[in-house]
Every structure is written in C-alpha cells, then in structure tokens.
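Notes to accompany the following structure.
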Amino acid sequence: MDMAKKIAVTTTLNGEESIFLCEPRQTLLEALRDNLGLIGSKEGCGNGNCGACNVLLDGVLVNSCLVLAPEVEGRAVVTIEGIAEDGELHPLQQKFLEHASLQCGICTPGFIVSAKALLDDNPAPSEHDVRLWLAGNLCRCTGYDKIVRAVLDVAEGDS
Amino acid sequence: MQAIDFVAPTSVDEAISALAAGSGMARPLSGGTDLIAQLQEGRLTLDTVVDLKRIPELMAISISSDGLTLGASVSCHSINNNQAIRDAYPALIDSTHLIGGTQIQGRASLGGNLCNSSPAADSIPNLIAHSVTCHIAGPNGRRTVPVEEFCTAPGRNVLENGEFLVALEFPAPPANFGAAYLRFIPRNEMDIAVVGAGADVVLSDDGSTIQSARVSIGAVAPTPLFVQEAGDALAGEPVSEETLAKAADLARDAARPISDMRGTIPQRKHLSGVLTQRALRIAIDRARGTKTVDELGRLNGHG
C-alpha cells in the first residue's frame, strides 16, 4: 500500500466536538470503526444495500459506507453510540428488547438509527410508513414483523 | 489499494482547477452512492476525489416564475422536503422517492443519477419529460445540453475530461401542465427498473385537448430514450384512451431492449407501452388538478 497522507477531520460526533485522522479514501464507516473505535455501526454489504452502517449526518439518514470520512468535516454525525442518553436506553432500544426484535444483532444498530430518523421526521407513522422507511435495512434472521411492531410501539407511546 | 487525494473546493472555478490538476484521473463527488460503491468495489480508478458539495451553486435550489434551477449535487432528501418543488413539480418527487431507500435518498442527487448515466436511471425519463437543460462547466467554460442528448451509452455521457454538471434547469410549468414517472419492478421498493416511463402533457384550458406532450422511456435501450414521435402524435388530439394508446404503440415500437435477469425483450416492449399509457393518464389527471403527488406515490408503492 502507498503511504497515504492523512487528513485531520473536525466533526461533531454524538454531540461532542471530535478530531480524527483518516486516509482520504477511507469511508466514514471505516473511520468510525477502525480509527475511532466506535464499532456499533456494522459493515453488512459495504455498498449501500443493507443499512447496517446507517448514521445521521446533519440529521439526515445516510449509509456511512457510502460517505468518505473527509466529507464530514464541520458536520454533525450521530451513530448508534449516540442514541442512548444519560445512560438510559432510547425508547427504541428498550422496545427492541421488549419485542425481541433481534437475533444475531448485526442489523440492529442500523435499524435503530433509521427508526430514530423516521420518528424525528414523522412522530406518528403508519405501519406502511415504517415498512417503507425501513426498506433499506435488511435483516436476515428474524424477518421484519417484530422490528416494525417495536417502532410502532414507540411511535404510539409518543403520540 | 492506491492512495487518493480528497479536495473540497468552494467555487466552480476551484473545482475546474482541481479536476484539471494531477494526471487527469480526478473525479467529481456528489452523493457518492454510485462513485464510492464503485471505488470500494475496485470498479473505478481515480487519484483525486473532488467533493462538489461545498460549492453553493451545486447545492442551490432556486425556484421562481422563470422555473427551477436545481444544483447538481442537491440530494433527493432535500428535494423531497422542499414544499415549493412538491407544489410546482410534483412529478419530480415520483423519481426522488424511488431512487434507493431512505438513506440512499439522503445522499443521492439527480445530477449524480444523470452523470452515472445508467440506462435504467429513475430520474432521467422524468428529466426528459420536463424538458430539462443541463448546465455544464469545464476548463473551456460553460455550456448547456438538452437532457435528452446527455447520455451517449451505458455509463457514458457528453461530459468531456474535466467537465462536470453544475445544475439542472427546469422551465416554468405552463398552465394546464402535468407530468408523471412510473416504473415497473417485481418488488415493492428498492429495486432497479425493468422499464420506466416519464411523460408530460400540456392541456387546453378546458382540459379536453392535448396541446403538447413528451414521452421518455428507460431501461429499454443503451440510454434513456426520448420518444419524440409519441409526444408529437398526441399534439392537437383529444384526451381519450384511443389517443393515448397510439402514443403507447409508438413507445413500444421505439423500445429496443435486451433480455437480462430483470426482464425479457417481449416483456420490456409490452411494459413500455403499458407504462407510457399509464404515465400519460396520470400526467393528464395532474394537469387537470385531480391527482396529487401523494396519490401517485401510492401507485408506485410509496405512501
């Protein structure tokens, strides 16, 4: 491998100002996992199909595997590690547990980040809204029903 | 894996310089949903990524009585959430709601969809139906190209070395204008079009006659096709199923698809006609003000 020059990136990461070094061709997912030790975001497909790496970039849901790490300079990134607040599980995390919405767990961080983005956008989604919004998150263990029920449970609890 | 450079210019002129620098292997980046995937999979060789999203002109949405100028890097998410675009160009949302899932729409741009130049791109028949003009910048200055002339082959287009797309210009919709984009996929969402069809119409004031129309079909030729003869056949004709069927026949005749994993030649030719007729019906309903973007969203499986 060539000796790649590194870029210092300043970002707001899960609410805190953060500076990290990355190679220009590293994806945000690689920087989060390999450079910053935030291994909650998962690599499923690495090409934007599965949603396991989803994060919020300036509040917008994106695949972190399809973002180059230097792109987040000056932007705000929220990962699964930033979803719980003050040591308390986010209601989505709690309801995923109660509804047993996971088996192996690889897809779960992506689902929770996606569902949070949905509820931020639309606090009272229909089941159709939930299924459509989560269409880009793939789960190969449980199927989707328990996941959808958990999200709807939180939505109903909010409304 | 080869190292690359990353630059994020803040003006069109800086971007032109950045793309011209080095060994001619710099590539512009917008949403990255095609570029980064291709880079990661080793299908693309480049030495510099030029991120265009810090350039105000590339991220601008300018809408007025003169029409809409959409920066080439504006994301589908930004378009979906722009009420002025939803009101004036509801058919555009047909495409921006269909390109990938939610998180792809958070990044993917119409400029990128056009520059990736896939024959099956979900925005291009729609852009053709809307008579969009492409604004291009490069080392030799600026130029414009009608969108139906932009793509030249699968993955290829009129952009010369060092050039990039700056903006898409939509004319102001005339009175009694309606448009629509429909695609066929075997799933409910997150798939690549087997066939797509975009259509626009301008009706007479009483809504009974088609004054002009444009039809475009995708995934049935090496590039998205502008089926000018189908639109021409509708001009001056009364709104009727017979009239629309004639346009559908012309679209079917114009389609020259291949058979592949997504569909066969006969299926794609058949779909070209069916989708053209349905897209025209919806465009007419919209021109008459009787169908909303959300109703059409449900037709495409997107509530």
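Laboratory data are not the source of any read-out in this text; all were calculated from the coordinates shown. If you're wondering where the values come from, they're calculated on a predicted model, not measured in any experiment. We place every Cβ from the backbone using ideal geometry, glycine too, and count neighbours over all the protein chains shown.
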Going by alpha carbons, how many degrees (0 to 90, nearest 10) lie between the helix axis of B:241-254 and the longest principal axis of chain B? 40 degrees
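Going by the alpha-carbon gyration tensor, a ≥ b ≥ c the square roots of its eigenvalues, is the protein assembly as shown rounded (a/c under 1.5) or, if a/c is not under 1.5, prolate (a/b greater than b/c) versus oblate?
Values: a/c = 1.92, a/b = 1.33, b/c = 1.45.
Because a/c hits 1.5 or more and a/b fails to exceed b/c, the protein assembly as shown counts as oblate.
Taking a ≥ b ≥ c as the square roots of the eigenvalues of the Cα gyration tensor of chain A, is the shape rounded (a/c under 1.5), prolate (a/b larger than b/c) or oblate?
On the way: a/c = 2.20, a/b = 1.77, b/c = 1.25.
In terms of gyration-tensor shape, prolate.
Hey, got the dipole for segment B:22-159? About the Cα centre, +1 on K and R Cβ, -1 on D and E Cβ, debye to the nearest 20? Don't skip to the end; give the middle numbers.
Details: 9 positive and 11 negative charges, 55 e Å.
That gives a dipole near 260 debye.
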By how many degrees, 0 to 90 and rounded to 10, does the Cα axis of helix B:265-287 deviate from the longest principal axis of chain B? 80 degrees
With no solvent and one point per C-alpha, what does the Debye sum give as log10 I(q)/I(0) for chain B at q = 0.13 Å⁻¹? -0.87
Along the dipole axis of the protein assembly as shown (charges at Cβ: +1 for Lys and Arg, -1 for Asp and Glu; origin at the Cα centre), the most positive-end residue among A:ILE7, B:ALA121, B:ALA179 is B:ALA121
Angle between chain A longest axis and helix A:108-121 axis [Cα atoms, degrees, rounded to 10]: 70 degrees
Answer in debye to the nearest 20: the dipole magnitude of segment B:5-51 about its Cα centre, from +1 Lys/Arg and -1 Asp/Glu charges placed on Cβ, is 120 debye
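With +1 on the Cβ of every Lys and Arg and -1 on the Cβ of every Asp and Glu, and nothing else charged, how large is the dipole of the protein assembly as shown about its Cα centre, in debye rounded to the nearest 20?
On the way: 36 positive and 56 negative charges, 227 e Å.
Here the size comes out at about 1080 debye.
Considering only Cα-Cα distances, which of the following residue pairs are longer than 32 Å: A:LYS116/B:LYS53; A:LYS42/A:LYS146; A:LYS5/A:LYS116? Spell out each step's value before the answer.
Numbers: A:LYS116/B:LYS53 25 Å; A:LYS42/A:LYS146 20 Å; A:LYS5/A:LYS116 36 Å.
Over 32 Å apart, Cα to Cα: A:LYS5/A:LYS116.
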If you count, for each residue, the other Cβ atoms within 10 Å and average over each peptide, how do B:7-13, A:136-142, B:39-45, B:274-280 line up from highest to lowest? B:274-280, A:136-142, B:7-13, B:39-45
Per DSSP H run of n ≥ 4, the term is -39500 (n - 2.57); total these for chain B, divide by its residue number, and report the mean residue ellipticity at 222 nm rounded to 500 deg cm²/dmol. -9500 deg cm²/dmol
